[in-house]
Each structure stands twice: as C-alpha cells, then as structure tokens.
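The values are calculated or read from the model by the stated rules, or taken from the named source; none is laboratory data. The shown structure was predicted, so the numbers you read here are calculated from the model rather than taken from an experiment. For neighbour counting, all protein chains shown are included, and Cβ atoms are generated from backbone atoms with ideal geometry for every residue, glycine included. In case anyone asks, the SASA skips ligands and DNA or RNA and just uses the protein heavy atoms, side chains included. Shrake-Rupley method; radii C 1.70, N 1.55, O 1.52, S 1.80 Å.
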Amino acid sequence: MNRTKKIKNADTFISLAIFLIAVSVYFFSAGNYILIFQETQSLFIFSGEYLHSFLLKPGGLLEYSAKYLTQFYADPIIGPVVLSVILTLPGLVLFFINKRLIPGISGSLLFLLIPSFLMLLMQANYYHMMEYNLGFLMVLLYYLLSISSEKKYHNILILVLFPLFYYLAGAFALIFAVLYTAHNMIITKERHKYINSLLMLITSVFSFLVFYKVLFLQPYEHLLLYPLPVLDNSGYKITFLLLSAYTVLYPLLSPVTSRIMLSRFNNKLYSWLSSFLVFVVVTFLLFKIYNPQTARVIKLEILVFDEKWNEAISLHEKSPSRNLIGQYFYNIALSETGQLCDRLFMGIQDFGTGALVLPWGDDHLNRGAYFYYSIGLINEAHRWAYEEMVVYGPRPQNIKLLAKTSLINGDYIMAVKYLNILKKTYYYRTWAEKYEKMADNPSLIQSDTELGAKMKILPKNNFFIKFNEPQTNLPLLIESQPENKKAFEYYMAGLLLTKNIEDVIKNISGMKERGFFLIPRYIEEAVLIYQNSTNIHPDLGGLVINPSTRAHFDSYFAAYVAARKNPATLKEMMQNQFGDTFWYYFHFK
C-alpha cells in the first residue's frame, strides 16, 4: 500500500470542480430546456404576503428557498451555475462528514460523488424541482452538525432542534431521522445506541403529533410526504429510492471504506478511474433520458411567451415538433406575424384544427389563452389567464397576460395590481415598469405596436363565447369585426386543415374588403385545386393568383402524374418535392 498514492484533499476538490463545470455545461446546452420550463412554473415575489403562505406548513420554507433559487433560471448563464453548485454541494458536505467518521483518511472520490450523480439523473426529469435537491442537502448538513461533537449536550441539542429542522425541511426530516438512527446503531457506543435511537423516535413522533394536531392542522399525508418528490415515473422513483438508501446507509459505508476496501477504493488511481467510469455511465443515461421532442416544445413555448415570433417559426420549421402543443405555438407565432395562411404547411401539421385552438380544460389551461389573445378575444384570453393563476398560482406568463389584457380593456387599476406583482420580482421588474407607464398614460397603449393592434381588432358587438366548440367563435368574431384579419386567417386555416375547399372559395370574394391586397399562398393553392377539379373560375373579389403559384402547381401536377406510376413511392417522392404545399397535405394527409 505504501507504493501506491493515496488520494488527497486536493483530489477531492478537483473532482468536485470538474463535476460542477461539467454539469454547468450540460444545463447551459442540452439540458437548458429543463431550467427554462421550471422557471415558468412559479413566480418568486419579494413580499411578506408571498412569504407568509410558505410559513404555514412544514417544508414551506424549503420550497420558498427553492423558488428563490429557481428564479435565477431565467438567466442562461447564472441559472446553470446555481443548479450545478447545489448538485455539487452534497459531495463537499460528505467530504467533511468523512473527516468526522474516518479521521485521517480521505474517502473514495466515487463514494463522495454518488449522491450528486444520482441527483443529476433525477434533475434530468423536468419536474424534478429545486426543493428536492435542497432537501437532501439539508439532511446531509444536519447530519454533519449531529456528528460534529461527541459531547452529551450536543446530542441533546440535535434532538431539541429536530422539531425546528422538521419545520424547515418537511418530510426530509424523516429521512434524517432514519439516517440518525442508522448512525447510532452502527457507530455509536453500545450503551448509547439504543437510547439515542429511542429518543429520536420519540422526538419524531412528538413533532409529528404537535404539527398534526396543534400547530398546522395539515393532512397527515402532507406531513409525511411533503415536499418529497412523488413523480409517477418508474426510473425516477428507483433513482430516488437509491439516493435515499445511500443517504441513510452512509454511516455503514464509511467504516467499510476505511477497514475492508481501503487498499482499493482509497487509492488515487482506482478512485479516479471508478469515478470516471460512473461519470461515463451517468452521461450515457442523461442522453438516453433526454427527449429532443420535449426540449423543442418547451423552447418553442418559451419563445412564444417571450414574443420572439420569428425565432419560434424558425425553430419549428428547422426542427419540427410532432407534438400538439409545439404545433399549436407554431401557429400562434404565424398568426402574430400575419403569416398563418402563407406558411401554415411549411411546418408540420399533424393534428388538423386541433393545433389551431386548444379545448378548455386542465390539460391546456396554461396555454389556451394565446389563441384568444392573438385573434382579439381579449376577455376570453383574460379568463384563461386568470383561471391559470387561480389553479397554479402566479406565473410570469399569466401575470403578464393579465396585465396586458387589463390595459387593452381599459381596466388600469387592475393592470397596476398585476404590474405591481411583477415589480416585486427580480427579472420582470423592468418589463412591468414599461407597461406601468401605459397605465398612467393610456394614450401610449394605442401607439404600442402590440397592444394598439389588439385594440383595433376588438369585437364591436358582444356574443357568447362557446368554449366547448372554440372554432365556432371565429365566424361570430369575424361578423362582429370584419376588419379582424387574424380571426379571418384562423378561420381560413381551419378550412384548409379540414380540406373544405368549397368554403375557402366562398370567402375569397370578400378578402379585398377585409384589407387583403394579395391572396395568401395556401389559399391560392386551394383555388388552383378547385379550378383543376371543377373547371370553374371562382370570384376572387378583384384579387389575382400569383403567376409563380400557377407555375408551381403545373410542376406539382406533372410530378404527381409521373410519380403515380409507382404507388409504393408516390407519397415519398411528392413529399420530397412538394411537402410544404397545401396540395401535398390535401392528397396525402
């Protein structure tokens, strides 16, 4: 053993630094969609009222701290660094724990990094929130505190403070209770192990009963589980159980490391090699868990939330989403840029009219408002955003939308209330200050590129919204506001997606009066199909078909006739040449 190099403290710090940098790079690049998604799930508000809601339950302050850190996910650089630091800290805490458990010996690098590796795998699930990482970190920190002294009063202090720890960490305190018991049964001297374990059991039961019956009156399931992760994913559950088991059995692992496997696992070469091999396995699993479709949908969703319409369009057209939500947001971006009937089939359309408007329900509560906002049904958009806020709490996107719809409707008092919420945040304060000026000076609303345009397409007459059949609202809105081109294009897009060419033709004659100077591309393509099949030249209301569209149709028709000779390859051949046309959609979808 003397001829082999032992690992030193510097090796530990270097390995933790490498882990931190590698994780930062991952969440800055491939895994950044996880941070993007989680940042939109809550809104951290600097106010006493917001804090108060977390003080009313054990584990609430843990969640509050997690939401404070999660807000930094809005920054593409700071967010990954914050998360990486939190995932690395368990290894650093275990390093100091080892200093107490096995003095004079630096534990295996692999054993120090295993909790961080497992937490990283759990973090690959985009519903794994920051509070779960903080919970395990708090367990290890309290364990380190519990073994920092062997004096009798110190053990009494740990037991006395346990109810406070339970209040701060919630159900994670129960994991510590098992860890503390395991430490006493494995490491503590014979005469104290049973007494200490019994005292911890009594303290845990006492704390639970006081919280349940006296202080918080929470359901007992809440006190036993919150804020532990309860995600319905088998791989995630297994990883969580492995991490929990590793944590509570760590007192057993340290003596084994120091006594039985010292020559192998405390050796620098083997320690670095084993850590590297596990790192490779974890990296493989991360990319196996990675779902590019989910990543695209989340990125597309955020681009729409941030009104980066052209980036959203480009993302879907370059890397098509085969997901309903992704295609829905692509169509929203097309509508907001006035390109719905010009680019509709340049992106994948797998869901027909389902990707134009989402039905009312919990599944789409946080997304459905954007269709109504786009077509000028501001009251309905406001209702969706308000319902989302009630169900899920304040989120950046619903508070923003509530503020904008209130400004458009002239409800400046409510607009200011919503803007004041955003002014109490870190990343949305500047946005709120911009719109607050509009509430103080309403003339700025009409001159605003976005809000002014929405005011111009507001319905002139009232009608009942049919939320169970949302597509049927479009004819009512068009009748109420004939100049609403966005609503008209949505209506025409629905006809195209259902291949209802006859009704498309019926609506063309009035397009010039609605403000159209050119016929959108895919409506032109529908006209040419109609002409080719009926030999009837419909009334275009003074508008004309672009000659290039006619030439393109002639090419399509000739290619179709030629390709039809080989039915087995017909669809593939036509898709390669004409996959972005209404003609291809009409014949093959």
Farthest toward the dipole's positive end in the chain, which of VAL23, TYR127, VAL230, given Cβ charges of +1 (Lys, Arg) and -1 (Asp, Glu) about the Cα centre? VAL23
Take each of the peptides 136-149, 432-445, average the number of other beta-carbon atoms within 10 Å over its residues, and list them starting from the highest. 136-149, 432-445
According to a simple spin-label model (label point 7 Å from Cα along Cα-to-Cβ), what is the distance in nm between LYS308 and THR569? 4.1 nm
What percentage of the solvent-accessible surface of segment 96-225, computed with a 1.4 Å probe over protein heavy atoms, is contributed by carbon and sulfur atoms? 71 percent
Computed for the chain: size of charge dipole around the Cα centre, +1 on C-beta of each Lys and Arg, -1 on C-beta of each Asp and Glu, debye to nearest 20, value 2560 debye
What full-extension length gain, to one decimal in nm, is calculated for PHE464 and ASN546 as 0.36 nm per residue of separation minus the Cα-Cα distance? 25.6 nm
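Rounded to the nearest 0.05, what FRET efficiency do PHE206 and LEU273 give with R0 = 60 Å and r taken as the Cβ-Cβ distance? Could you check?
E(calc), rounded to 0.05, equals 0.80.
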Solvent-accessible area per residue, Å², over the chain with all protein chains present [probe radius 1.4 Å]: 47 Å²
Net length gained if the chain between ALA30 and LEU231 were fully extended (0.36 nm per residue, minus Cα distance): 70.1 nm
Round to the nearest 0.05 the FRET efficiency obtained for LEU249 and PHE46 when R0 = 60 Å and r is the Cβ-Cβ distance. 0.90
Rounded to the nearest percent, how much of the accessible area of segment 1-91 (1.4 Å probe, protein heavy atoms only) is carbon and sulfur? 68 percent
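Within the set LYS308/LYS437; LYS318/LYS466; LYS400/LYS485; LYS437/LYS485, which residue pairs have Cα atoms separated by over 26 Å?
Over 26 Å apart, Cα to Cα: LYS318/LYS466; LYS437/LYS485.
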Unit charges at the beta carbon, dipole of the chain: most positive-side option, ILE14, TRP583, HIS154: HIS154
Alpha-carbon centroids, segment 290-311 and segment 359-390: separation in whole Å: 19 Å
Nearest-0.05 FRET efficiency for GLU483 and ASP554, computed from C-beta distance (R0 30 Å): 0.30
Could you work out the helix-only [θ] at 222 nm for the chain, with each DSSP H run of four or more residues adding -39,500 (n - 2.57) and the total divided by the number of residues, to the nearest 500 deg cm²/dmol? -21500 deg cm²/dmol
For a quick protection proxy, order the peptides 556-566, 226-236 by their average other-Cβ count within 10 Å, most packed first. 226-236, 556-566
PHE13 accessible area, 1.4 Å probe, all protein chains in place, Å² to nearest 10: 90 Å²
Compute the acute angle (0 to 90°) between the alpha-carbon long axis of helix 234-248 and the principal axis of greatest extent of the alpha-carbon atoms of the chain; round to the nearest 10°. 20 degrees
Which values of log₁₀ I(q)/I(0), to two decimal places, follow from the Debye formula for the chain at q = 0.07, 0.08 Å⁻¹ with a uniform point scatterer at every Cα? -0.58, -0.71
Ranking request for peptides 342-349, 579-586, 515-522: highest mean number of other beta-carbon atoms within 10 Å first, then the rest in descending order. 342-349, 579-586, 515-522
